[in-house]
Amino acid sequence: MVAFACGGTSGGGGGTTNKGTIKIGSDFPVCTTGGQSTSNGVKFAVDQKNKAGGVEGYTIAYTSFDDCRQGAYNADAGVANVRQMLDDNAYMGMIGPYNSAVAKAEIPIASAKNFVMISPANTNPCLTKDLPTCSYHPGELRGSNPNNYWRVVTTDDYQGPAMADYMYKQMNVKNVGVLDDSTVFGVGIAGAFETEFKKLGGTVAKHSEYKKDQQGSDFKSILLSLKSAGAQAVYVGGTDDQNICIPRAQMKQIGWDAPFGGGDGIETTDCINQAAGNESGVLATSAGADATQVAGAKDTITKFRQAFTGANDFGGYTMQAYDAANIVMSAIGNAIKSNGGNMPTRKQVRDAMAKITSYDGVIGHYGFDQNGDTTLKIVSIYEVKAGLSASDVASSTGVCGKTVANACFVWKTQFDFAKTS
């Protein structure tokens, strides 16, 4: 197994950062635009921290690990990355992973070593919640070890229902076809969508699934079966690196003009590219507040875009990653102080992280429960708009196509389940 490191050590550091170096890492599929833009958020937070003097006299060195293999996230690669961090005692924690299936594989390895993980993007509820619908359970991942895992986004048991509510109530879709990519994330979010859609009174015409290595890139027969079953729209549970957005392009090829929506796994540049020719109108949720709609995030986003000038450097979870990195560094700082200003142990950092029950980030005020879940339960709804002007692109989420550069995800509305529960 090979771990790929990119980004390297962040630069800078004030004059007071002379006690040594503490390392943090991340584990994302940086072969994808979503993974890379999330890594950018961590690097920006670390760069800012070092320019301000580091953490309690220590410089923070950041390495971005890539868990891609053959163009898609891979749990074995993620485990190899975690093991590489654990082999270096200077690593005190990590931001990530990006995908829930990778987290499922990494948590048992990291928890045994008191290694802090905080994800800006994992949404599968079974990582932290013991639900009857789960095929695995949090206790199985951690054993007798204390919790080492937190996340700053909400979960699919909110994200799936948000799109179900939106399609049923606001788009008047009463009959839907569901397609999932057979991954932990895809099956989970598709199931959450289906349960809520039926609860509202809707009908699931047909639920199909596929595996990327068996399906290839031709989804026409699946789409025709959904259409013939009476589906008025398609909901997909999955991610772009599993080709989940290719069906959107092929809907046009078979003459099917119908809504197409999914979770945060399709709120990506790569999804727009896969759907090219029929990208307009693609709907997606994101398991958090949209940073461009948060007044308190405006200054940070402006500074980020000055430092990262690429068209796709900013993504749907960039600011969540920024907040996650700052939370980890806050825990490290608290651990240093409790250790008399000296280099902390991983257990001390984990214990310090467990004591952070609230944090004010650029996205909003985070609370954390004993399972590591955030009390922020906001789900955002986005739609791809094509033919945007340069000014509209600049004011969009920043998640835009490459092959169709003027097509971007535009924020439409949000659901705050903390206020409705």
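The values are calculated or read from the model by the stated rules, or taken from the named source; none is laboratory data. What you see is a predicted model; the values in this text were computed from it and never measured. FYI the Cβ positions are ideal-geometry reconstructions off the backbone, even for glycines, and counts take in every protein chain you see. These area figures cover heavy atoms from the full protein model, side chains too; ligands, DNA and RNA do not enter into them. Shrake-Rupley method; radii C 1.70, N 1.55, O 1.52, S 1.80 Å.
Can you give me the accessible area per residue for the chain, using a 1.4 Å probe, in Å²? Don't skip to the end; give the middle numbers.
Working: 15430 Å² over 421 residues.
So the chain comes to 37 Å² accessible per residue, rounded to a whole number.
Have a look at ALA249, ALA229, ALA276 and tell me which one the Gaussian network model of the chain (Cα, springs below 10 Å) gives the largest fluctuation. Ranking ALA249, ALA229, ALA276 by mean-square fluctuation puts ALA229 first.
With Cα atoms defining each centre, the stretch 85-115 and the stretch 278-303 are spaced 28 Å apart in the structure. Shape analysis of the chain based on the Cα gyration tensor places the equivalent ellipsoid semi-axes at 36, 22, 19 Å, largest first.
Pull out a ≥ b ≥ c, the square roots of the eigenvalues of the alpha-carbon gyration tensor of the stretch 177-218, then state rounded if a/c is under 1.5, prolate if not and a/b is larger than b/c, and oblate in the remaining case. Oblate.
Computed over the stretch 26-170, relative contact order equals 20 percent, with contacts defined as Cα pairs under 8 Å that lie 6+ residues apart. Counting only heavy atoms of the protein chains and using a 1.4 Å probe, LYS212 has close to 60 Å² of accessible surface. Per residue, the convex hull spanned by the Cα atoms of the stretch 52-161 amounts to 131 cubic angstrom. Close amide H pairs (under 5 Å, H built 1.01 Å from N) link SER119 with GLY96, TRP150, ARG151, VAL152, residues at least 5 positions away or on another chain. For the chain, the antiparallel share of DSSP beta bridges with both residues in that region comes to about 40%.
Could I get the Rg over Rh figure for the stretch 238-387? Both from C-alpha atoms, Rh via Kirkwood, rounded to two places. Each step should come with its number before you reach the end.
Values: Rg = 19.5 Å, Rh = 17.8 Å.
My calculation of the ratio gives 1.09.
In the chain, the portion of solvent-accessible area held by carbon and sulfur atoms comes to 48 percent [1.4 Å probe, whole percent, DNA, RNA and ligands not counted]. For the peptides 264-275, 102-113, the ranking by packing is 264-275, 102-113, with the highest mean count of neighbouring Cβ atoms within 10 Å listed first. Helix 75-86 and the longest principal axis of the Cα set of the chain meet at an angle near 10°. Note the angle between two axes, namely the Cα long axis of helix 33-51 and the longest principal axis of the Cα atoms of the chain, as a number of degrees from 0 to 90, rounded to the nearest 10. With rounding to tens, the tilt is 20 degrees. Compared with the dominant Cα axis of the chain, that is its longest principal axis, helix 156-165 is turned about 30°.
Across PHE304, PHE260, PHE65, mean-square fluctuation computed from a Gaussian network of the chain (C-alpha pairs under 10 Å connected) peaks at PHE304. Could you work out how far the C-alpha centroid of the stretch 354-374 sits from that of the stretch 127-190, in angstrom? Centre-to-centre (Cα) distance: 20 Å.
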